[in-house]
Amino acid sequence: MKVGIVGCAGRMGRMLVAEILAGDGVTLIGGTEHGESAFLGQDIGGLAGLDEAGIVVGSDTDALFSKADVVIDFTLPQATIGHTQGAIKHGTALVIGTTGLGNEEQAAVAKASNSVAVIQAANFSVGVNLLLALTSQVAGVLGNDYDIEVLEMHHRHKVDAPSGTALALGQAAADGRGVDLEAVSKRVRDGHTGARIPGNIGFATLRGGDVVGDHSLIFAADGERLELTHKASSRTVFARGAVRSAKWCENKVPGLYSMRDVIGL
Ligand code: NAD
């Protein structure tokens, strides 16, 4: 598999470069950044803290998609739209880790998945994907007497809230209960909010320091509380899952796949 990385100088981009260069089974064929990036022309191995890889950061996205079998995207929602177009044009599979996609960007992802295999996950860690499955199961068993709250904490640089993973966990809880998340989600509480509305799924967001990603599901009833928690201490888990997804999509028919498909849940 020939793999390209868009956003290769970002925090996740560098992790992905390191994961691919250190592993086997896939070949890194290039990486891009946006046209104004200060990293253009720098060696991507050096940027990832490794020996020089002999590949420099470029900005020609079209050329990257034409050469790669699969491209991994951890960038920005607006950039991801452009990358879906590259995938369609060149028949290149796409692994998308970018979060915070709005309806327009998500529609572009869905469109690409008619032409190529697209693996999209709000969180590429195996542990979180198990947590998603457990969340649906627990929400289904416990029923409406248990108030569901989703709590997340991330580093101070994160720009979207709640995290994509928190929203995915809320969705998993709603699916388990058989309700529409949009109709029951309570994303913000401030001031005189009144009592909690039965059946709501609440979200709370914390930001600070270098926290890679903590997520908790709290199921609170009269007399007991069940909590499910996952803590990521290194971004490596996301990079490892994304590279595993890139390998998995070889010869897959077009479609929109999730990390749950990749790990066979
Ligand atoms: P970052 O800001 O460090 O990196 C993003 C990179 O994308 C930057 O280097 C930026 O210059 C580059 N970029 C922007 N526009 C581009 C374009 N048009 N072409 C090429 N490169 C472009 O951010 P990060 O912490 O690496 O996170 C990136 C995204 O991945 C965020 O949405 C974050 O929430 C998400 N993320 C997802 C997971 C997951 O498991 N799904 C894990 C961690 C982060």
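The values are calculated or read from the model by the stated rules, or taken from the named source; none is laboratory data. The structure displayed is predicted, hence computed values, not measured ones. A quick note on method: Cβ atoms are made from the backbone with ideal geometry, for glycine too, and the neighbour counts reach across all protein chains shown. To get the accessible areas, we keep the full protein, side chains included, count just its heavy atoms, and leave off ligands, DNA and RNA. Shrake-Rupley method; radii C 1.70, N 1.55, O 1.52, S 1.80 Å.
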remark   = Other residues with Cβ under 11 Å from the Cβ of G46 give, with Lys and Arg +1 and Asp and Glu -1, a net charge of -2
request  = Could you work out the Rg to Rh ratio of region 132-194, with Rh taken as the Kirkwood radius (inverse of the mean 1/r over all Cα pairs)?
outcome  = 1.00
inquiry  = I'd like the accessible area for I88, computed on protein heavy atoms only with a 1.4 Å probe and all protein chains in place. Round to 10 Å², please.
reply    = 60
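Using only DSSP helix segments of four residues or longer, with each worth -39500 (n - 2.57), what per-residue ellipticity at 222 nm results for the chain after dividing by its residue count and rounding to 500? Intermediate results must be reported in sequence, preceding the final value.
On the way: 10 runs with 100 residues, N = 265.
Using -39500 (n - 2.57) per qualifying helix, the result is -11000 deg cm²/dmol.
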task = Give the accessible area for I81 in Å² (nearest 10); use a 1.4 Å probe, count only protein heavy atoms, and leave out ligands, DNA and RNA.
result = 20
ask   = If you stretched the chain out fully between E52 and D190, how much longer would it get, using 0.36 nm times the residue separation minus the C-alpha to C-alpha distance?
value = 44.6 nm
message = As an exercise, use a Förster radius of 25 Å and the Cβ-Cβ distance of N251 and A133 to find the FRET efficiency, rounded to the nearest 0.05.
response = 0.45
inquiry  = For a bin width of 10 Å, list the pair-distance distribution of region 163-265 built from all Cα-Cα distances, rounded to whole %.
reply    = 11, 34, 33, 17, 4, 0
request  = Excluding R189 itself, calculate the net charge of residues whose Cβ lies under 12 Å from the Cβ of R189, where each Lys or Arg counts +1 and each Asp or Glu counts -1.
outcome  = +1
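Kirkwood Rh over alpha-carbon pairs of the chain, then Stokes-Einstein at 37 °C and 0.692 mPa s: what D in µm² s⁻¹, rounded to an integer? Kindly include the intermediate steps, with their values, before the conclusion.
On the way: Rh = 19.3 Å.
Reported coefficient: 170 µm²/s.
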key: Packing-based order for 221-234, 57-70, 244-257, using average beta carbon neighbours within 10 Å, highest first   = 57-70, 244-257, 221-234
query = Between L206 and A63, what is the label-to-label distance in nm when each label sits 7 Å out along the Cα-to-Cβ direction?
reply = 4.6
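Considering all projection directions equally, how large on average is the shadow of the alpha-carbon convex hull of region 77-135, in square nanometres?
Working: hull surface 17.1 nm².
Convex hull of Cα atoms, orientation-averaged projection: 4.3 nm².
In Å, what Kirkwood hydrodynamic radius results for region 1-136 from the alpha-carbon pair distances? Provide the component values of the computation, followed by the final result.
Details: mean 1/r = 0.0661 Å⁻¹.
For region 1-136, inverting the mean 1/r across all distinct Cα pairs yields 15.1 Å.
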remark   = Candidate span helices, the chain: DSSP H, at least 15 Å along axis from Cα coords, Kyte-Doolittle average at least 1.0, result 126-142
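In the chain, what % of DSSP beta bridges are antiparallel (nearest 5)? Each step should come with its number before you reach the end.
Numbers: 17 of 47 bridges.
In the chain, approximately 35 percent of DSSP beta bridges are antiparallel ones.
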